[in-house]
Amino acid sequence: MVDSWRIAFVLLAPAIALLFEGIRRRLGARMQSRVGPPLLQPFYDTIKLLSKDDFVAEKESNIFFQYGPFVSLLFVWVIFALMPFPLASFEHDFILMIYLIILVDAFYIVSGLASNSPFGIIGAMREMASIIAYEIGLAVAVITFFFYSGANSIGEFTLVNGFTHLPVSSLGLLLLGLVTLKKRPFDTPEAHPEIFDGAFTEYSGKRLAFLRLSEQMKEPLLIFLTLFLILGTSSLPLFFAASLALLFVYTFIDMVSSRLKVEHAVKFYMVVLAALLLELVWVSYQVIT
Amino acid sequence: MHDFIVPFGPQHPAEKEPMCIRAGLEGETITELDLRFGYVHRGMEKIFEGKGIDQGIYLCERICGLCSESHSMAFTRTIEEMLGLDVPMRVRHLRSIVTELSRLHSHMIWAGFMAHEAGYETLFMYLMRERERIMDILERTTGGRVHYGINKIGTLRYDVPNAKLAKMVEDVDTTLKNIEKYVDTFRNDGTLKERLVGTGMITGIQAKRFGIVGPVARGCGINNDVRKSDPYAAYDLADFEVPTYKGCDAWSRTMVRLEELYESGKIIRQLIKDIPDEKIPAFKFTKADDGDHFARIEAPRGELFYYLKVRDSKIDRLAIRTPSMAVLPMVLKPALMGEKVSDLPIVISSLDPCFSCMERVVIVEKGKEKVYTEPDFRRKFSGR
Amino acid sequence: MRNMIEALKNLFRKPATEPFPFGEHKRAEKFRGKIFYDAEKCIGCRLCEKNCPVDAIKFRKKGDIVFDMSSCIFCGMCRDVCPPKCIHYTKEDLMIEKDKKKLVSDKRDWRKQ
């Protein structure tokens, strides 16, 4: 059954994402002794971008460049529609969700490679190097949670307080959520001083708006998913308060870190992946016996 | 060879000034490097021809925004030595103080950029916030934040009352205390050190052979500083050290500059304490016989060298050799070959380039240098 | 680390940014902004015109001199050499005009606007 307010949640997903982004920018600026933009600034930015000229150089008019950003946005939106109860609806397999998250990242890479500039290619290459480690880690962590709770689909997931039962996976999920968002200290694919904007460099106008929006929508997505798995949704106000608290923590970490180089970052992800795999093995052993 | 060539082109979010580095990349490693600059060439040396000596001081400040006082000091030093003028002690003290303040603010903005390139944007904001206090001191004392205009031949434009000097010491002390934790971050933070230690290595032999100057040389163990070897203004009266590190990498250069901040603070405190109480001579127009002279001073980026030729009490030729010109074209390639592209902004930043200073046109024909006038240049090179 | 504590503390402090263009806009006393030329005191010696490093001063007649603010480098030379001290640097630094010819300072008193 699909409630009307769940439909509203899905339709308002970009607005939630932009609001999160606004909070992040304002909070981050205040931590740096700056004033910071107004909370609605990302809305203004997106509207402005949508109205700007969309310049596509001749060399770049391949199908991935033209439609990549739009498809990426579409996928992220679909994930919002599949968000677990009580935020959205639909009973479905959790594997679908993991698959879609990885697919969105794959489209980010494709968008970077489709642009004909070296900056996009370098950004995409760095993301490719990282994704092998952290996406698998993310998948492993989510699978561990489902295995432990014995649920078969999202609707049946009932674990509450994942920290006490699955500490490693909870921490891993929190950490890898930050990595997927490509914020410091893990923002090498978009390192400003080094490679301009990474995969975003050659896009402008509507396509840039879509690409940026799809990246921005990943933030509430990952925060909600992480907190759903760790805390459960027994109490909605607690859930939303925890989401804002997690946003604050992510912003804080962003502001006080410098950037990890690609090779160090990948080594770090591998270590996290190893720890998560160990816990998955332990959980499977427990479930089977 | 290289997979593709990336132009870290004239517009780049990492560089303060326009330059073009065409790096040939293989994966993430740099295998080829080509530096092109000339995007801010304004023909400053040509502008100086025919200007009066007193006007020249203000023009030469405007060659660069960060080291403006150094250019002004170099010019006044050249003229004063040429005319054999005896500069009063108070003037000398005040000039050193303003030069050291200029060095403080230049190193702080450099440190901010260094942090920004390493990804630590918050440190950049904090350092700029502390730098504002120094800029306020300079604005109160001289009237300008960037171009001070306080030097005149043989004297100063304004005298600074002693009460203001006391406040100056307070502000400098507050700033240096506030940035202690940021300096500590550079010194001890794990991720920052990881990125800085061992990157952009230049061997000591290369340093000596290329004749590099300034904090880059001091980061390779070469201890040369014009303030010690050829003292000017009141530097022979102040007791300070020249920090030298032997690491030859980006971290050593960073630490050299950060420690120079504290040495500058020492100099300012000592010179303000010992400043004599006398009246500053009034400004008079300068008359000079024909002749030429050269002088050098220590800019924040190294040794700044001025050669001046005077005819008819007007500037006939001013030749400037800025420290960035001595360091950058030579050292950039050896320092960057084989490094990863993520280290490129860090290495460039650690060499502290100042492209506004650097822009000179030197035409070398058959091994001999030639200076072209503008009509000649146009005729020869623009094909008209 | 101390930076982390500072980041948290800064959330509760005032930002260090000047609220330009709102709020007050402070400049030091000695600041060299737009030139104010007191035409009544001028004696027509043309020293300012001769000493300007960038030739931004055009002398028409005594009491009528045009200072081209778009060429001016705000060095202070003209003020230093003027015998009756009729050239002043004000604290006005927002010189924005659509027409370059309006970016001058001459015998009219622009401070009244």
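What follows draws every value from the coordinates through simple rules; no lab data is involved. Given the structure is predicted, the values throughout are model-derived calculations rather than measurements. All Cβ positions, glycine included, derive from the backbone under ideal geometry; neighbour counts span all protein chains shown.
On average, how many beta carbons from a partner chain sit within 10 Å of the beta carbon of a residue in A:247-260?
Counting other chains' Cβ atoms within 10 Å and averaging over A:247-260 gives 5.
Amide H neighbours of B:E303 under 5 Å, counting only residues 5+ apart in sequence or on other chains, H built in-plane at 1.01 Å?
B:G214
GNM, chain B, Cα, under 10 Å: largest mean-square fluctuation among B:G338, B:G265, B:G302?
Among B:G338, B:G265, B:G302, the largest GNM mean-square fluctuation belongs to B:G338.
Straight distance only, please: which lysines reach the Cα of B:K273 with their own Cα at less than 20 Å, same-chain residues fewer than 8 apart left out?
Filter leaves B:K164, B:K167, B:K177.
So what are the ³J(HN,Hα) numbers for region C:93-104, from phi and the Karplus equation (6.51, -1.76, 1.60; θ = phi - 60°), rounded to whole Hz, Gly and Pro as x?
Per residue, the Karplus-derived 3J(HN,Hα) values read 10, 9, 9, 10, 9, 7, 10, 5, 5, 7, 8, 10 Hz.
Rounded to the nearest 0.05, what FRET efficiency do A:Y285 and A:F70 give with R0 = 56 Å and r taken as the Cβ-Cβ distance? Could you check?
My answer for the efficiency is 0.80.
Show me, bin by bin at 10 Å from 0, the whole-percent P(r) of chain C based on Cα pairs.
12, 37, 23, 11, 9, 7, 1
From the helices alone, meaning DSSP H stretches of at least four residues, give me the mean residue ellipticity at 222 nm for chain A, per-run term -39500 (n - 2.57), in deg cm²/dmol to the nearest 500.
Mean residue ellipticity, 222 nm, calculated: -24000 deg cm²/dmol.
If you place +1 on the Cβ of every Lys and Arg and -1 on the Cβ of every Asp and Glu, how big does the dipole about the Cα centre of region B:22-149 come out, in debye to the nearest 20?
480 debye
Given H placed 1.01 Å from N in the peptide plane, which residues other than close sequence neighbours of A:D197 have an amide H under 5 Å from its amide H?
For A:D197, whose amide H was placed from the backbone, there are no distant partners under 5 Å.
So what J values fall out for region A:103-120 if you push phi through Karplus, 6.51 cos²θ - 1.76 cosθ + 1.60 with θ = phi - 60°, rounded to Hz, Gly and Pro as x?
5, 4, 5, 4, 6, 4, 5, 4, 4, x, 6, 6, 7, 8, 9, x, 5, x
With springs connecting C-alpha atoms under 10 Å apart, model chain B as a Gaussian network and identify which of B:I47, B:I267, B:I134 has the largest mean-square fluctuation.
Taking springs between Cα atoms under 10 Å, the residue moving most is B:I47.
Counting other Cβ atoms within 10 Å of each Cβ, which trypsin sites (Lys or Arg not before Pro) in region B:1-96 have at most 12 and sit in a DSSP loop?
B:R42
Going by the alpha-carbon gyration tensor, a ≥ b ≥ c the square roots of its eigenvalues, is region B:219-363 rounded (a/c under 1.5) or, if a/c is not under 1.5, prolate (a/b greater than b/c) versus oblate?
Taking the square roots of the gyration eigenvalues as a ≥ b ≥ c, region B:219-363 is oblate.
Among B:I179, B:L138, B:H116, which residue has its Cα positioned farthest towards the positive end of the charge dipole of region B:44-323, with +1 placed on the Cβ of Lys and Arg, -1 on the Cβ of Asp and Glu, and the dipole taken about the Cα centre?
B:H116
Pick out, from A:M125, A:F240, A:S284, the residue whose Cα sits farthest towards the positive end of the charge dipole of region A:4-288, with +1 on the Cβ of Lys and Arg and -1 on the Cβ of Asp and Glu.
Result: A:F240, furthest along the dipole toward the positive end.
At q = 0.07, 0.08 Å⁻¹, what is the log10 ratio I(q)/I(0) for the protein assembly as shown, with the Debye formula run over Cα points and no solvent?
Normalising to I(0) and taking log10 leaves -0.63, -0.80.
Does region B:1-146 come out rounded, prolate or oblate by the C-alpha gyration tensor, with a ≥ b ≥ c the root eigenvalues, rounded set by a/c under 1.5 and, if not, prolate when a/b is larger than b/c and oblate if not?
Values: a/c = 3.05, a/b = 1.60, b/c = 1.90.
Verdict is oblate for region B:1-146.
Of B:I53, B:I297, B:V91, whose Cα points farthest to the positive end of the dipole of region B:44-323 (charges on the beta-carbon: +1 Lys, Arg; -1 Asp, Glu; origin at the Cα centre)?
The residue sitting most towards the positive pole is B:I53.
Using only the Cα atoms of region A:4-288, construct the convex hull and provide its projected area averaged over every direction, in square nanometres to one decimal.
Across all orientations, region A:4-288 yields a mean hull projection of 15.0 nm².
Would you please calculate the Kirkwood hydrodynamic radius of chain B over all C-alpha pairs and express it in Å, rounded to one decimal?
Working: mean 1/r = 0.0458 Å⁻¹.
This gives a value of 21.8 Å.
If you count, for every residue in C:10-22, the Cβ atoms of partner chains within 10 Å of its Cβ, what is the mean?
That works out to 4 on average.
Mind pulling the angle between the C-alpha long axis of helix A:236-255 and the longest principal axis of chain A? Nearest 10 degrees, somewhere in 0 to 90.
Helix A:236-255 and the main axis of chain A meet at about 50 degrees.
Calculated FRET efficiency, C:D106 and A:S204, Cβ-Cβ r, R0 51 Å, to nearest 0.05?
Working: r = 45 Å, r/R0 = 0.89.
Taking R0 as 51 Å, the efficiency between C:D106 and A:S204 is 0.65.
Ranking request for peptides B:281-289, C:75-83: highest mean number of other beta-carbon atoms within 10 Å first, then the rest in descending order.
C:75-83, B:281-289
Might you report the magnitude of the Cβ-based charge dipole of region B:44-323 about its Cα centre, with Lys and Arg at +1 and Asp and Glu at -1, to the nearest 20 debye?
In total the dipole reaches around 320 debye.
For region A:4-288, compute the number of Lys pairs whose alpha carbons are separated by less than 25 Å, excluding pairs fewer than 8 positions apart on the same chain.
18
Under a point-charge model restricted to the Cβ atoms of Lys and Arg (+1) and Asp and Glu (-1), what is the dipole moment magnitude of region A:4-288 relative to its Cα centre, in debye to the nearest 20?
Once rounded to the nearest 20, the dipole reads 740 debye.
By the scheme Lys and Arg +1, Asp and Glu -1, what is the net charge of all other residues having a beta-carbon under 15 Å from that of C:G44? Let's see the in-between values first.
On the way: positive: C:K41, C:R46, C:K50, C:K58, C:R60, C:K61, C:K62, C:K85, C:K107; negative: C:D38, C:E40, C:E49, C:D64, C:D106.
Every neighbour counted, the sum reads +4.
Among all cysteines in chain C, which have no other cysteine Cβ under 4.7 Å from their own Cβ?
Within chain C, the cysteines lacking a partner Cβ under 4.7 Å are C:C42, C:C45, C:C52, C:C72, C:C75, C:C82, C:C86.
Rounded, prolate or oblate for region A:235-289? Axes are the square roots of the Cα gyration tensor eigenvalues, ordered a ≥ b ≥ c, and the cut-off for rounded is a/c under 1.5.
It is oblate, given that a/c is not under 1.5 and a/b is not larger than b/c.
Is there a pair in B:K287/C:K102; B:K16/B:K287; B:K51/C:K34; C:K58/C:K91; B:K46/B:K152 whose C-alpha atoms are over 31 Å apart, and which pairs would that be?
From the list (B:K287/C:K102; B:K16/B:K287; B:K51/C:K34; C:K58/C:K91; B:K46/B:K152), the Cα-Cα distance tops 31 Å for B:K287/C:K102; B:K16/B:K287.
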